[in-house]
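Enquirer: Once you've had a glance at the structure underneath, I'll fire off some questions.
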Amino acid sequence: SDLRPHYENNPYSHASVIYHVQNRIKAIRNTVAIGIRSMDITEKKFLATESTFFAHDIHQSADWMPKALSQIQSPVYITFDLDVFDSSLMPATGTPEPGGLFWHQVLPFLKLVAESRQIIGFDVIELAPIKNFPAPNFLAAKLIYKLLNYIFKNAEKR
């Protein structure tokens, strides 16, 4: 969930990003975490349960999308951690873990966000390429392509 104040004595660690976004950037009104399936016990006290959607709950119910969308306010910045994908689909991350989301769970939600909220930017992080195994790299590139498509298509409507 990236909610640690610091990790290995480093406050700028990848495991601390959302903690600092929530606590240091005044312009951030809320954060919504989707696909969480692992966290350190120290992160629990910083977890906003109403705006956190765990992977195991997403796998069990289709009604997570409207609930998650209701928590998202415009303008939206999306930080997309590739390790949200199941490790069978995206093994090329620093922290691959089974039980993640799949392509056809993620894309419809991103499309829904783009159709109903103003996305002002995004990043895609945690790709750790594996030599002679380009499939994860293509997945990341295709995800960026799709998200740009959703954003620009809906920007024309505004």
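Enquirer: Give the aspartates and glutamates whose C-alpha is closer than 17 Å to that of K67, dropping any in the same chain fewer than 8 places away, or say none.
Expert: Within the straight-line cut-off, K67 pairs with E50, D57, E115.
Enquirer: Take the Cα radius of gyration of the range 92-135 and divide it by 2.2 N^0.38 Å, with N its residue count; two decimals is plenty.
Expert: Dividing the Cα radius of gyration by 2.2 N^0.38 Å gives 1.47.
Enquirer: Given the range 24-130 reduced to its alpha-carbon atoms as identical point scatterers, what log10 I(q)/I(0) does the Debye formula return at q = 0.21, 0.24 Å⁻¹?
Expert: -1.34, -1.58
Enquirer: Taking the range 5-57, which chymotrypsin sites (Phe, Trp or Tyr not before Pro) meet the DSSP loop condition and have no more than 12 other C-beta atoms within 10 Å?
Expert: Sparse-neighbourhood loop chymotrypsin sites (Phe, Trp or Tyr not before Pro): Y12.
Enquirer: How much of the accessible area of the chain, probe 1.4 Å, is carbon plus sulfur, in whole percent?
Expert: Roughly 57 percent, rounded to a whole number.
The values are calculated or read from the model by the stated rules, or taken from the named source; none is laboratory data. The structure presented is a predicted model; accordingly, all values stated were derived computationally and were not measured. Neighbour counts are summed over all protein chains in view; Cβ atoms, including those assigned to glycine, are modelled from backbone coordinates with ideal geometry. All accessible areas refer to the heavy atoms of the entire protein, side chains included, with ligands and DNA or RNA removed. Shrake-Rupley method; radii C 1.70, N 1.55, O 1.52, S 1.80 Å.
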